[in-house]
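Visitor: Once you've had a glance at the structure underneath, I'll fire off some questions.
The values are calculated or read from the model by the stated rules, or taken from the named source; none is laboratory data. Every value quoted in this text rests on a predicted model; they were computed, and no experiment measured them. Neighbour counts run over all protein chains shown; Cβ positions are idealised from the backbone, glycine included.
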Amino acid sequence: MRYFIIKKDPDETLSPDIINWYGEIDVHNIRQGYYHTLPERLLLKIKGNERTVFTNIIISPFFLVSESLKECLKLYEPNLSFKEIVLLDQTYKQAQEYFLPTLEEVNCLTQNCKFNMNRSVLLEAEFELSKIGNKSIFYLGDVNSKYIVVRLDVAESMIRRGSRGFLLEEVTCR
């Protein structure tokens, strides 16, 4: 099976820029076991820009997906839960609904991986397939940053739906 890390598309310079979210959501609780502490629905403000492009995926400061991608992910992981996040541009009177999925963390990195000094940046990745099981989308464990990983069939489904705002980086698996 082939897996990919989802990364932000650097060409999508007009995607929403979430501001003042620090007191609203604790990123440490965006994981299984703590997800219930997050509000069911939240309104977050974005930086005003009349040309904002509401992409299907937002990677930072936390992983958000559009309604169409939410439905796509539920086909592969029917037990996923989602919190609703509305992004609001007060200056230009724009708003868009997004969803924050509950993804499991999977510790599947091999000894061959390379990191920066504090393990916050994964420089070279290799996955142990036996540790992934049947997961189609998950957060990567064993690293001090959030990396979202998708299986090939999910990635293809996302692309077929015309989703934008991301790039896929294939990972070596053994």
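Visitor: Identify, please: which residue in the stretch 65-99 is touching a helix residue (DSSP H, G or I) at 6+ places or on another chain (Cβ under 7 Å) and hydroxyl-bearing (Ser, Thr, Tyr) and is, among those, modelled with the highest pLDDT?
Guide: Residue satisfying both the conditions and the ranking: TYR76.
Visitor: Then there is this: What residue, among those in the stretch 1-29 that are over 15 Å from the mean Cα position of the chain (by Cα) and of a type in the set (Val, Ile, Thr), is surrounded by the most Cβ atoms within 10 Å (Cβ to Cβ)?
Guide: So, considering only residues that are over 15 Å from the mean Cα position of the chain (by Cα) and of a type in the set (Val, Ile, Thr), the one surrounded by the most Cβ atoms within 10 Å (Cβ to Cβ) is ILE25.
Visitor: Do you know which of the residues in the stretch 145-174 that are more than 15 Å from the chain's Cα centre (by Cα) and among the polar types (S, T, N, Q) is surrounded by the most Cβ atoms within 10 Å (Cβ to Cβ)?
Guide: SER157
Visitor: Against the conditions (1) farther than 22 Å from ILE137 by Cα; (2) modelled with pLDDT under 95, where does HIS36 fall short? Just the number, please.
Guide: Only one criterion is unmet by HIS36, namely (1).
Visitor: Just for the stretch 1-26: of the residues that are of a type in the set (Phe, Trp, Tyr) and farther than 18 Å from ALA155 by Cβ, which one is modelled with the lowest pLDDT? Before the answer, list the steps.
Guide: Of the residues in the stretch 1-26, the ones of a type in the set (Phe, Trp, Tyr) are 3-4, 21-22.
Checking which are farther than 18 Å from ALA155 by Cβ leaves us with 21-22.
Details: TRP21: 90, TYR22: 83.
Ranking the candidates gives TYR22 first.
Visitor: Here's something else I'd like to know. Going residue by residue through the stretch 17-34, is there one that turns out to be in contact with a helix residue (DSSP H, G or I) (Cβ under 9 Å, 6 or more places away or on another chain), within 22 Å of ILE148 (Cα to Cα) and either hydroxyl-bearing (Ser, Thr, Tyr) or part of a helix (DSSP H, G or I) (or both)?
Guide: Checking the stretch 17-34: at least one residue is in contact with a helix residue (DSSP H, G or I) (Cβ under 9 Å, 6 or more places away or on another chain), within 22 Å of ILE148 (Cα to Cα) and either hydroxyl-bearing (Ser, Thr, Tyr) or part of a helix (DSSP H, G or I) (or both).
So that you can scan it fast, the table gives a plain yes or no per residue for (1) free of Cβ contacts under 8 Å to residues at least 60 places away in the same chain; (2) surrounded by fewer than 15 Cβ atoms within 10 Å (Cβ to Cβ); (3) part of a loop (DSSP other than H, G, I, E, B):
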residue	(1), (2), (3)
LEU80	yes, no, yes
LYS83	yes, no, no
TYR92	yes, yes, yes
LEU103	no, no, yes
ASN118	yes, yes, yes
LEU123	yes, yes, no
LYS131	yes, yes, no
PHE138	yes, no, no
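Visitor: Return a yes/no flag: does the stretch 30-41 have any residue that is loosely packed, with under 14 Cβ neighbours inside 10 Å, touching a residue at least 40 places away in the same chain (Cβ under 8 Å), of a type in the set (Lys, Arg) and in contact with an Asp or Glu (Cβ under 7 Å, 6 or more places away or on another chain). Give the derivation first.
Guide: Here is the first cut: in the stretch 30-41, the ones loosely packed, with under 14 Cβ neighbours inside 10 Å are 32-34, 36-37, 39-41.
Right, trim to touching a residue at least 40 places away in the same chain (Cβ under 8 Å) and you get 32, 39-41.
From what's left, of a type in the set (Lys, Arg): 41.
Remaining after also requiring in contact with an Asp or Glu (Cβ under 7 Å, 6 or more places away or on another chain): 41.
Among the residues of the stretch 30-41, at least one is loosely packed, with under 14 Cβ neighbours inside 10 Å, touching a residue at least 40 places away in the same chain (Cβ under 8 Å), of a type in the set (Lys, Arg) and in contact with an Asp or Glu (Cβ under 7 Å, 6 or more places away or on another chain), which makes the answer yes.
Visitor: Separate question: Name the one entry in LYS45, LYS7 that is within 18 Å of ASP89 (Cα to Cα), among the charged types (D, E, K, R), outside any loop (DSSP other than H, G, I, E, B) and in contact with a strand residue (DSSP E or B) (Cβ under 6 Å, 6 or more places away or on another chain). If you could, list the steps in order and put the result at the bottom.
Guide: Details: LYS7 fails: within 18 Å of ASP89 (Cα to Cα).
Testing whether each residue is within 18 Å of ASP89 (Cα to Cα), among the charged types (D, E, K, R), outside any loop (DSSP other than H, G, I, E, B) and in contact with a strand residue (DSSP E or B) (Cβ under 6 Å, 6 or more places away or on another chain) leaves just LYS45.
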